[in-house]
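Q: There's a structure below that I have some questions on.
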Amino acid sequence: MSTLRLFYALWPEPDLADTLSTWAAQAQPHSHGRPMRTETLHMTLAFLGSVEKEIADELIDATPYHRLQPGTVTLDRYGVFARPRILWAGPEQTPDSLQASHDGLWLWLSAFGFAPPTQPFRPHVTLLRNIERNDPPADAPPPVTWRYDRMVLVASESTDGGSRYRVVARSKPQPD
Ligand code: ATP
Ligand code: MG
């Protein structure tokens with residue numbers, strides 16, 4: 001049975017991705033590790049894992065019609081996930097609107113047979129992999145506000161050079 005490894009994410013516009021790259025560069029002397037490439041930076045909303053092709057095709061067809069309420073999230077801090085050795089940028093507090101979009105997405109996904117995660121939603125953008133210390137840099141760059149109005153469905157594919165992301169569907173942008 002053929003499958004795709006899928007996740008839903010917010011994808012930054014190039015300017016925001018550039019800014020987040022400078023966050024990665026600023027943290028690197030402290031945390032070490034490997035910066036994510038600028039064009040791969042994203043915020044995961046829902047990780048689906050391995051999905052059978054038939055269901056994947058249904059999701060690809062349905063994704064343009066899932067309404068994502070437009071919102072903003074302000075990234076204002078560095079954080080660390082120690083076990084996967086990741087340094088990230090994220091909000092000090094998860095905005096209610098983003099939490100609601102996350103919850104609404106999982107509710108919608110339940111119609112396709114997916115069960116929501118048991119872990120709480122921790123919105124973040126992974127900046128560095130394989131970091132060498134568990135404390136994040138004390139000071140983050142100036143806060144950056146991310147204005148979003150759509151999400152993307154991404155296939156994560158393993159290649160010789162590591163994982164590669166391929167956008168397979170987008171929700172239609174929603175007016176404010
Ligand atoms: P690799 O695993 O090859 O190092 P990757 O982590 O970038 O590369 P994926 O594992 O396919 O690629 O993950 C895609 C996205 O989903 C990433 O943002 C990742 O952090 C997130 N993700 C992966 N596994 C989970 C999980 N179990 N729960 C929540 N999010 C996850
Ligand atoms: Mg992974």
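Q: Given the C-alpha atoms of the chain, compute the convex hull and give its volume per residue in Å³.
A: Numbers: hull volume 21.5 nm³, N = 176.
Convex hull volume per residue, Cα atoms: 122 Å³.
Q: With a sphere of radius 13 Å drawn around the Cβ of Gly113, what net charge do the other residues whose Cβ falls strictly inside it have (Lys, Arg +1; Asp, Glu -1)?
A: After counting each charged neighbour, the total is -3.
Q: Count the net charge of all other residues whose Cβ sits under 15 Å from the Cβ of Arg133, scoring Lys and Arg as +1 and Asp and Glu as -1. Mind dumping the intermediate values first?
A: Numbers: positive: Arg34, Arg83, Arg85, Arg129; negative: Glu132, Asp135.
My count for the surroundings of Arg133 gives +2.
Q: Sorted by average packing, counted as other Cβ atoms within 10 angstrom per residue and highest first, what order do 108-121, 19-32 take?
A: Details: 108-121: 11.8, 19-32: 18.1.
The densest-packed peptide leads the list: 19-32, 108-121.
Q: Moving to a separate point now. Which GluC sites (Glu not before Pro) does the range 89-166 hold that lie in a coil by DSSP with at most 11 other beta carbons within 10 Å? It would help to have the intermediate numbers written out before the result.
A: Values: sites: Glu92, Glu132, Glu157; in loops: Glu92, Glu132.
Passing sites in the range 89-166 are Glu92, Glu132.
Q: Right, next: Let's see if you can work this out: charge +1 on each Lys and Arg Cβ, -1 on each Asp and Glu Cβ, no other charges. What is the dipole magnitude of the chain about its Cα centre, in debye to the nearest 20? Kindly include the intermediate steps, with their values, before the conclusion.
A: On the way: 17 positive and 20 negative charges, 73 e Å.
The dipole magnitude comes to about 360 debye.
Q: Further question: Among Gly113, Val73, Pro95, flag the residue with its Cα farthest along the positive direction of the charge dipole of the range 63-142, charges on Cβ as +1 for Lys/Arg and -1 for Asp/Glu.
A: Towards the positive end, the residue furthest out is Gly113.
Q: Cut-off is 10 Å between beta-carbons; in what order do Arg166, Arg34, Arg5 appear when sorted fewest neighbours first? Mind dumping the intermediate values first?
A: Details: Arg166 10, Arg34 14, Arg5 17.
Ranking Arg166, Arg34, Arg5 by Cβ neighbours within 10 Å, fewest first, gives Arg166, Arg34, Arg5.
Q: Ranked highest first by average number of other Cβ atoms within 10 Å, how do 8-17, 93-102 line up? Don't skip to the end; give the middle numbers.
A: On the way: 8-17: 17.3, 93-102: 15.4.
Ranked by mean Cβ neighbours within 10 Å, highest first: 8-17, 93-102.
Q: Oh, and also: Go ahead and set up a Gaussian network model of the chain, Cα springs under 10 Å, then flag whichever of Thr159, Thr145, Thr63 fluctuates most.
A: Ranking Thr159, Thr145, Thr63 by mean-square fluctuation puts Thr159 first.
Q: Further, regarding this structure: Note down the magnitude of the dipole of the range 23-101 about its Cα centre, charges +1 on Lys and Arg C-beta and -1 on Asp and Glu C-beta and zero elsewhere, to the nearest 20 debye. Numbers along the way, then the final one.
A: On the way: 7 positive and 9 negative charges, 108 e Å.
Approximately 520 debye in magnitude.
None of the figures in this text is laboratory data; all of them are computed from the coordinates on show. In this text the structure is predicted, and so the values were computed from the model without any measurement. Cβ sites come from the backbone with ideal geometry, for glycine too, and all protein chains shown count toward neighbours.
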